[in-house]
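This report concerns only the one structure given below.
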Amino acid sequence: MKKFVVTLFIVLSASLVYADSILYDSFEYANHDGESPVGWVCDDNSFVCGYLEKDHNRIPHNGNWYVYTNNTESWMFMQMFISDELKYRYSLWAITDGDYHLEIWAGNSPDPSAMTQLLLNENVSNGSYEKFSAYIEEMAADYQYFGIHATTTGSNNYLTIDEVNVDMVGKYDIEVTPANYYVIAAPGSQVEFKCLFSNLGYEPANVFITKISDYFTNVHLYKDGTACTYFHVEPDESIRFDGVATFTNDIEIGGLGWVDIIFTLDCDCATAMSTLWATAGYESVAEHSITATSVYPNPSSGDVTIEGNGIVSITNILGQVVLTKEIIEKETVTLPKGIYFVSIDGKTEKLIVE
């Protein structure tokens with residue numbers, strides 16, 4: 001029997017070899033709404049903290065706090081020793097209701113005039129949260145600060161920033177992010193899955209692919225339409241993979257199958273894995289989906305409102321039923337942290353409780 005607890009950890013974090021993080025700030029601790037973020041230098045208070053319940057597009061993020069600005073120009077600085085002998089990766093998530101230009105700089109004091117090396121240079125367009133990342137192979141000098149700079153030509157536009165992260169990049173560091181990790185499929189049917197492989201290290205790598213499964217046969221992984229078991233990847237390169245596997249006919253309805261795709265560097269110095277879980281059934285999550293307002297908020301902190309009429313069934317990622325009850329128009333239920341699938345009236349939606 002496959003141990004799900006171990007695999008779920010791999011699915012969510014995906015990488016088994018990490019770069020050393022020297023800053024990770026999701027603005028969750030000690031901050032106050034409408035005030036400058038703790039630990040940052042914001043002399044003009046152009047960047048301030050905000051709080052919003054998680055009923056919006058914040059799936060990649062932890063918690064409900066963030067920083068935002070609606071000024072035409074804004075700076076925030078973090079004191080940090082940055083060595084010219086190391087390699088770094090800077091990243092953050094951003095969203096705007098207008099158009100903002102976003103930069104990350106390095107310098108030796110918390111002042112715009114002291115920022116001398118441009119590390120990231122991006123435009124944030126009106127839409128949903130985007131991750132912006134820059135791999136810095138060479139620092140021009142040792143620095144004491146880095147700064148985040150935002151400008152806009154619009155009026156009354158807002159820019160929101162979350163999950164600021166600075167890593168020291170290691171020689172070998174790989175990550176696999178699954179695009180889908182749970183399906184409901186009929187016995188004997190073919191299941192499709194996708195994942196994104198990323199080389200986060202500063203060395204090129206040769207990678208072997210190994211496939212292990214239970215209740216699945218004919219497991220194949222494709223890169224650019226060609227079956228793949230071995231490939232080369234450059235530093236900071238990401239490769240998308242498409243996969244197919246056939247659910248066996250001998251699995252009982254309600255039974256659970258899985259497929260592991262294991263990526264191993266040819267030096268045996270790093271491994272990452274993506275897992276697909278599948279419950280045997282006659283309905284597919286891909287074929288039916290509840291409207292966006294039927295299960296909310298999603299993600300949730302525990303209390304979930306379900307709209308509809310009929311018997312609602314909530315299962316966890318193992319396919320185990322955790323709740324069954326009749327819903328008339330609307331009802332709120334409380335769930336512990338986890339990933340669930342809410343089914344009512346023949347329709348199913350994935351629910352995340354954080």
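Where a number appears in this text, it was derived from the coordinates with a stated rule and is not lab data. As the structure is a computational prediction, the values presented were derived from the model and not from experiment. Positions of Cβ are generated from backbone atoms using ideal geometry, with glycine treated the same way; all protein chains shown enter the neighbour counts.
Amide hydrogen proximity for S36: with H placed 1.01 Å from N in the peptide plane, the residues at 5 or more positions away or on another chain lying under 5 Å are C49. Spin-label model, A140 to D33: label points 7 Å out along the Cα-to-beta-carbon direction sit 4.2 nm apart. Compute the acute angle (0 to 90°) between the alpha-carbon long axis of helix 4-13 and the principal axis of greatest extent of the alpha-carbon atoms of the chain; round to the nearest 10°. Roughly 40 degrees, rounded to the nearest 10. Full extension of the chain between T116 and E130 gives 2.5 nm of extra length, using 0.36 nm per residue less the Cα-Cα distance. If R0 is taken as 25 Å, the Cβ-Cβ distance between D44 and T153 corresponds to a FRET efficiency of 0.85.
In loop segments of the stretch 138-229 as defined by DSSP, the trypsin sites (Lys or Arg not before Pro) with at most 15 further C-beta atoms inside 10 Å of their C-beta are K171. Rounded to whole numbers, the Karplus 3J(HN,Hα) couplings from phi for the stretch 105-120 are 10, 10, x, 10, 7, x, 8, x, 5, 8, 7, 10, 10, 7, 9, 9 Hz, using 6.51 cos²θ - 1.76 cosθ + 1.60 with θ = phi - 60°, and x at Gly and Pro. Which option, [x] 62, 44, 35; [y] 111, 58, 36; [z] 68, 54, 31, is the value of Cα extents along the principal axes in Å that was calculated from these coordinates? The value matching this structure is [z]. The slack in the chain from E237 to T305, taken as 0.36 nm per residue of separation less the alpha-carbon distance, amounts to 20.4 nm.
Working note: 222 nm ellipticity from helices only, DSSP H runs with n ≥ 4, each -39,500 (n - 2.57), summed and divided by the residues of the chain, gives -1000 deg cm²/dmol to the nearest 500.
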